Amino acid sequence: MLAIIKSEFQKSRGSTVNQFVIMTPVAVLVLSYFLGGGQNGAYNWWYVMFLPGLVAILSSMVINRDKTLGYKGLFLFPNDKALFWLGKILYLSILMLVSSLIFMFGIVIMGYLDAPVISFQANMAGGIILVLTSLFQLPVCMFLADRFNLFAATLFNVLMVMISVVAFQTSSLLQFSPYGVGIALMCPVLHILPNGIPIPEGSPLLSNNGLIMPMLGCLVLFLTLIGLTALLFRGREGK
């Protein structure tokens, strides 16, 4: 497994994959700073648009570089092909974590350049929660990129997040979508609504009593989707 992950890092040397990992959080921070969004605006843009877009694009790029070759390089090895799929997911998880850490560090710097509204503890908690609740998107986007293309994966992922934003605190069943978990948890952690507006003091949305179970649910979904998509990828060899 380590060899597979190491191989993915070697493939990415000098590629646009690493550039996306670094430049996406930097772009969010720069845009928010110069447009006056501050820390709240940066976080809002990050988890509503840029993070789901980054997940989809990275997943598609990692899949496409083997897909264009018909996975011939992978299928030459006797190992279970599902392991290659798992290795790519773990590799992408590392990239997402690195990009999130860059964003979190930038939020700290922004606090020194502008009026700080998000504490260091809230920043760390928010960043970690977003990573944990977004992991399930990796196998989804990889599957869509494998079966379709980058456009389909990106459109689906970003659209699902935006639908969850619209459905937040409504009677629609879509408010229970896993795509809305991270968004909802930012309310008690960062004290901001999905539209970036600060939550008034005393609002029930500020209660942080239910943080653990939604995160665990997303992690269980992540593991389930890994298993399902890995089995589908394994069967792809025989086609």
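The values are calculated or read from the model by the stated rules, or taken from the named source; none is laboratory data. None of these values were measured; they are calculated from a predicted model. Cβ: placed from backbone, ideal geometry, glycine included. Neighbour counts: every protein chain shown.
Between Phe34, Phe9, Phe20, which is aromatic (Phe, Trp, Tyr), at pLDDT 85 or above and surrounded by 15 or more Cβ atoms within 10 Å (Cβ to Cβ)?
Phe20
If I ask for residues that are surrounded by fewer than 20 Cβ atoms within 10 Å (Cβ to Cβ), more than 16 Å from Phe9 (Cβ to Cβ) and either at pLDDT 90 or above or under 13 Å from the mean Cα position of the chain (by Cα) (or both), which ones from the range 65-110 would you list?
Listed by number, the residues that qualify are Leu101, Ile102, Phe105, Val108, Ile109.
Do you know which of the residues in the range 111-158 that are surrounded by fewer than 17 Cβ atoms within 10 Å (Cβ to Cβ) and charged (D, E, K, R) is farthest from Asn40 (Cα to Cα)?
Checking each candidate, the answer is Arg147.
Limited to the range 104-160, what total is found for residues that are touching a residue at least 40 places away in the same chain (Cβ under 8 Å), closer than 20 Å to Phe233 by Cα and not in a helix (DSSP H, G or I)?
3
Among Leu101, Leu138, which is the only one that is closer than 16 Å to Thr24 by Cβ and in contact with a Ser or Thr (Cβ under 8 Å, 6 or more places away or on another chain)?
Being closer than 16 Å to Thr24 by Cβ and in contact with a Ser or Thr (Cβ under 8 Å, 6 or more places away or on another chain) holds for just one of Leu101, Leu138, which is Leu138.
Among the residues of the range 152-165, what is the count of those that are of a type outside the set (S, T, N, Q) and within 22 Å of Asn208 (Cα to Cα)?
2
Could you tell me whether the range 214-226 includes any residue that is among the hydroxyl-bearing types (Ser, Thr, Tyr), closer than 25 Å to Ala42 by Cα and either within 19 Å of the chain's Cα centre (by Cα) or not in a loop (DSSP other than H, G, I, E, B) (or both)?
Looking through the range 214-226, none of the residues is among the hydroxyl-bearing types (Ser, Thr, Tyr), closer than 25 Å to Ala42 by Cα and either within 19 Å of the chain's Cα centre (by Cα) or not in a loop (DSSP other than H, G, I, E, B) (or both).
Among the residues that make up the range 193-212, is at least one of them among the small types (Gly, Ala, Ser), surrounded by 12 or more Cβ atoms within 10 Å (Cβ to Cβ) and assigned to a helix (DSSP H, G or I)?
The answer is no; no qualifying residue exists.
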